[in-house]
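Report on one structure; see the data block that follows.
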Amino acid sequence: MMKSEDNYFLSLSSQQKENMLETIKKDVRRSVSEARYEHSIGTMQKAKELAELYGEDPLEAMLVGLVHDIAKEMTKEQYFLYCVQNKIEMDEFDKVQSVTLHGKIGADIAKKKYHFTKEMQDAIYYHTTGRANMTKLDKIIFLADKIEDTRENTEELEQVKNLAKRDMDEAILWDIDHFTIPKMIKQRKMIHPDSIFARNDIIRRKTK
Ligand SMILES: [Fe+2]
Ligand SMILES: [Fe+2]
C-alpha cells in the first residue's frame, strides 16, 4: 500500500534511481568487508533476475538487494547505540541475538538516508527471518540473499535455486526447513518467531 513517506522515492525517474544505485554501492563498500560487498552485489543481481521473472520492479529490487546487509558488520555496541539514538525498539530476541538487528537497522538507514518506500524498507527488515504474509519483494530479497552466486554451492542450495525459479513460496519453505531452522538448532540459538510465522503462513496457504 502506498504511504505518504513513499512519495519522494516514487517521484524519482529511472535515471535518478540508477544514479542512486551507484551512490549506494560506494556507501555499502565503505560499510562492509570486501566479501560482504561481493555478497551485496550478488544479492542485487539475483534480486534483479527474480524481479524480472516475477514481475516486480527490477530497479527497486536491485536497490533493496544492494542495501540489505549494510548494517551487518556493526558491533553489538554499535547496534545498541544506533537503536537507542534512532528509537528502534529492541525485543528480548534482539538483545540476545543482536545480529538480527542488522535487518531493522538496515531498514532504518534505507528510510532515513535513501528514502526507500515502506515496502522496500520492510523487505530489508525481514530479510533474515521472513514473516507471515510476505510481499513479492520480501520473497525476492529473502531468496536472492540465500541463492546469490558468491554463496558456496551445495546440493541443498541447488534445490532452493531450482524451486525459486518455479515457486518462491516453496523455495522459502524449503530454505526455512533445511537451512534457517536447522542452522539455529545446530548453533543452539533461538529460532525467530517470524521464521515460524512465515513457515506456517506458507503451509496454511498451500493446504487450502
Ligand atoms: Fe542479512
Ligand atoms: Fe545477506
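Numerical summary
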| read-out | value |
| --- | --- |
| Helix-only CD estimate at 222 nm, as mean residue ellipticity for the chain, using -39500 (n - 2.57) per DSSP H run (n ≥ 4) | -20000 deg cm²/dmol |
| Cα-based convex hull volume of segment 1-120 per residue, rounded to whole Å³ | 118 |
| Carbon plus sulfur fraction of accessible area for segment 4-206, probe 1.4 Å, in percent | 51 |
| Accessible area in the full protein assembly, largest first, 1.4 Å probe, for 79, 125 | 125, 79 |
| Nitroxide proxy distance, nm - points 7 Å out along Cα→Cβ at residue 170 and residue 8 | 4.2 |
| Reference-scaled alpha-carbon Rg (2.2 N^0.38 Å with N residues) for the chain | 0.98 |
| Cα-Cα separations in segment 60-106 greater than 18 Å, expressed as whole percent | 26 |
| Relative contact order for the chain, counting Cα pairs under 8 Å that sit 6 or more residues apart, in percent | 21 |
| Listed pairs 25/112; 25/72; 72/113; 48/118; 46/189 exceeding 22 Å between Cα atoms | 46/189 |
| Gyration tensor (alpha-carbon) shape descriptor, segment 9-74, a/c threshold 1.5 | oblate |
| Potential extension, residue 77-residue 57 segment - 0.36 nm per residue separation minus Cα distance | 3.6 nm |
| Segment 90-208 - Rg over Rh from alpha carbon coordinates, Kirkwood radius | 0.96 |
| Cross-link reach list, aspartates and glutamates versus residue 183, counting only Cα pairs under 17 Å and skipping chain neighbours closer than eight places | 145, 152, 155, 156, 175, 194 |
| Full-extension gain in nm, residue 97 to residue 200, via 0.36 nm per residue minus C-alpha separation | 34.8 nm |
| Given charges at beta-carbon only (K, R positive; D, E negative), |dipole| of segment 106-176 in Debye | 500 |
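The values are calculated or read from the model by the stated rules, or taken from the named source; none is laboratory data. Since the model is a prediction, treat every value here as computed from it, not as a measurement. Note that we place each Cβ from the backbone using ideal geometry, even for glycine, and neighbour counts take in every protein chain shown. These area figures cover heavy atoms from the full protein model, side chains too; ligands, DNA and RNA do not enter into them. Shrake-Rupley method; radii C 1.70, N 1.55, O 1.52, S 1.80 Å.
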